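Note sheet for the following structure.
The values are calculated or read from the model by the stated rules, or taken from the named source; none is laboratory data. The shown structure was predicted, so the numbers you read here are calculated from the model rather than taken from an experiment. FYI the Cβ positions are ideal-geometry reconstructions off the backbone, even for glycines, and counts take in every protein chain you see.
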Amino acid sequence: MSSSIAQQPLIKVVNLSWQVKNKVILDHLTFDVNKGETLGIIGPNGAGKTSLLRCLLNHQNDFSGDIHFKNKKLNHYNAKQLAKSFAVVAQKASPIFALSVFDVVRMGLLPHKGLFELDNDHDRHQVELALEKVGLSSLITAQYNVLSGGEQQRVLIARALVQKAEILILDEPTNHLDVYYQHQILQLVQSLDITVIMTVHDLNLAAQYCQRLLLLNRGKLICDNEPDKLLTPQILSPVFGLDCQRDQDPITEKPRVSFNLTNKKDNVNERTA
């Protein structure tokens, strides 16, 4: 019996749909998320990627269908319970005024604290350990707002570590970063012993760092598979409206895809239809 429980998915999404007025945002999505895996959500702009994350975080609760976390409906958890289990790193963090790196990372303690409970030496040690893990110990007293984009992302990941969440959700974590920081952040995420769900704009980064991918288009789940089987011209070209070629990255040996505009006029018409 215990082995069957252990094999249950951490998150189970069944027939998830979300509509705003007459516009369909998500259309009958069904998939599982297993403990410890890194799941990437890909697709063109407007596919529903960020909307799906909002539903998984219970930030959008007017959807139909079911989301189960640990065999219990997501909306049966209160906000504090969800804050202990889900940590979020958004595309662009909300402004954090006049706070030090220590103060920002310390926010990860809040779901575990009582209303007037003070920090102790153990709490400070947890913050220091998290900053050490993301390589920012030397910036513990620095102002968060003056850091580079890559450093800010690492601070937010340190906050997630202090939060001791089971699931890390990232919305386009590399969107505003240069190539070096893109790989630095995703290698850091890959090294964590945590379940990761992230939207990814760059398909080749998704191939390198994700174990499994969901391909969305116009709110529908087009394909759910490992990168090697999903990232093919037959699957990608109809979704992105571009001719697609695939080969193997000579360094990572992961699938590598490229697009071209050979039929640019026809593709533009298809995408805007």
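Within the range 130-140, the set of residues being in contact (Cβ under 8 Å) with a residue 12 or more places away in the chain and either surrounded by fewer than 19 Cβ atoms within 10 Å (Cβ to Cβ) or not β-branched (Val, Ile, Thr) (or both) comprises Ala130, Leu131, Lys133, Gly135, Leu136, Leu139, Ile140.
Going by what's in this entry, would Ile235 be described as part of a strand (DSSP E or B), modelled with pLDDT of 95 or more and more than 16 Å from the chain's Cα centre (by Cα)? For Ile235, the condition - part of a strand (DSSP E or B), modelled with pLDDT of 95 or more and more than 16 Å from the chain's Cα centre (by Cα) - is not met. Yes or no: the range 155-172 includes at least one residue that is touching a His at 6+ places or on another chain (Cβ under 6 Å), within 26 Å of Ala47 (Cα to Cα), touching a residue at least 60 places away in the same chain (Cβ under 8 Å) and not aromatic (Phe, Trp, Tyr). Within the range 155-172, one or more residues are touching a His at 6+ places or on another chain (Cβ under 6 Å), within 26 Å of Ala47 (Cα to Cα), touching a residue at least 60 places away in the same chain (Cβ under 8 Å) and not aromatic (Phe, Trp, Tyr).
Taking the conditions (1) assigned to a strand (DSSP E or B); (2) of a type outside the set (A, V, I, L, M); (3) in contact with a Ser or Thr (Cβ under 7 Å, 6 or more places away or on another chain) in turn, Cys223 satisfies each one other than (3).
Considering the range 141-190, the residues that are crowded, with 16+ Cβ neighbours inside 10 Å and among the β-branched types (Val, Ile, Thr) include one that is nearest to Ser100 (Cα to Cα), namely Val155. Under the condition of being surrounded by fewer than 18 Cβ atoms within 10 Å (Cβ to Cβ) and in contact with a helix residue (DSSP H, G or I) (Cβ under 9 Å, 6 or more places away or on another chain), the residues counted in the range 24-56 number 2. Here Asn204 meets the list (1) in a helix (DSSP H, G or I); (2) under 30 Å from Lys80 (Cβ atoms); (3) out of contact with any Gly (no Cβ under 7 Å at 6 or more places or on another chain) almost entirely, failing just condition (2).
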